[in-house]
Amino acid sequence: MSVKGRTAIITGSNSGIGLGIAEEMARAGANVVLNSFTDSDEDHALARRIAEETGVQVRYIKADMSKPEECRALIEQAGACDILVNNAGIQHVAPIDEFPQDKWDAIIAINMNSAFHTTAAALPLMRKAGWGRIVNIASAHGLRASPYKAAYVTAKHGVVGMTKTVGLETAKEPITCNAVCPGYVLTPLVEAQIPDTARQYGISEDAAIEQVILAKQPSKDFVTVEQLAGTVLYLCSDAAAQVTGTTISVDGGWSAQ
Ligand code: NAD
């Protein structure tokens, strides 16, 4: 069975990787729920544009993934959730002794806790429908650490742990839960951390890309949004029915080191 006619909710999908996954899902025939914490004309126009291009139903639902009740309300408002892609995420780069407490709390809430709340709300709907796919967009930083990213590395390792647990809890059901662990993708999230990385290391922005950001990525190339969307689609296919509770790295060889 393909994703055609399924309802896919992708958190944090008005930009970057989430938007790419949403567009690929729509092209494959799934009805899509886009999400972010804003509620602008552009957000709703994005939903209309994808619907017109693909012929599926696309809705934009505003929900702030830093707020537990809004995470759960997103799923309830959608009314159905066959495919849940927990993608919303933010980053902040600082040494741990200078790490702002509010940034720590926000990263843990958005990058990790939101996946708990959406998964808890979505599972009863998947069980009712007799089918479900949960895909957590973790990171190479869910498997490996880097300096100055304490909150992000903590949250992503947490998401990988949650993925294993949910995979076990649903193992006997037609539901899977997996994590995709991307290396660096050139999205607004990464573009924003180039100046911070340059500052932390006292080097130029070009040097930060070459010597720090892509230093750990043996391919020396950014992963693309399309490659990640294809990986998510694979995890939603019948071929992946026995793939659960695990991670798939799309990281140009980073985690092989
Ligand atoms: P991005 O900044 O382009 O997208 C992040 C999305 O999350 C946006 O749609 C944003 O609106 C949304 N978001 C942020 N805060 C939110 C909140 N409070 N509530 C709801 N939505 C919120 O970044 P991206 O690179 O596309 O990142 C997407 C995911 O991929 C993140 O979880 C990130 O950690 C992960 N990831 C990214 C990379 C990379 O190199 N870009 C690598 C590994 C993992």
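The values are calculated or read from the model by the stated rules, or taken from the named source; none is laboratory data. Just so it is clear, the model here is predicted, and its values are computed rather than measured. As a convention, Cβ positions derive from the backbone with ideal geometry for all residues, glycine included, and neighbour counts pool all protein chains shown. With ligands, DNA and RNA removed, areas are computed over all heavy atoms of the protein, side chains included. Shrake-Rupley method; radii C 1.70, N 1.55, O 1.52, S 1.80 Å.
Some notes on this structure:
- For the chain: lysine pairs under 25 Å (alpha-carbon distance), excluding those fewer than 8 apart on one chain: 22
- Using a probe radius of 1.4 angstrom, the carbon and sulfur fraction of the accessible surface of the chain is 53%.
- For the chain, taking the reciprocal of the average inverse distance between every pair of different Cα atoms yields a Kirkwood hydrodynamic radius of 18.3 Å.
- In units of the compact-protein estimate 2.2 N^0.38 Å, region 109-149 shows a Cα radius of gyration of 1.52.
- In the chain, the calculated helix contribution to ellipticity at 222 nm averages -13000 deg cm²/dmol per residue, counting -39,500 (n - 2.57) for every DSSP H run with n ≥ 4.
- Accessible area of the chain divided out per residue, in Å², using a probe of 1.4 angstrom: 44
- Database remark: amide H of THR247 closer than 5 angstrom to the amide H of ALA179 (H placed geometrically; neighbours at sequence offset of 5 or more, or on other chains; Pro and chain starts carry no H).
- Summed side-chain charge close to CYS181 - residues other than CYS181 whose Cβ falls under 15 Å, Lys, Arg +1, Asp, Glu -1: +4
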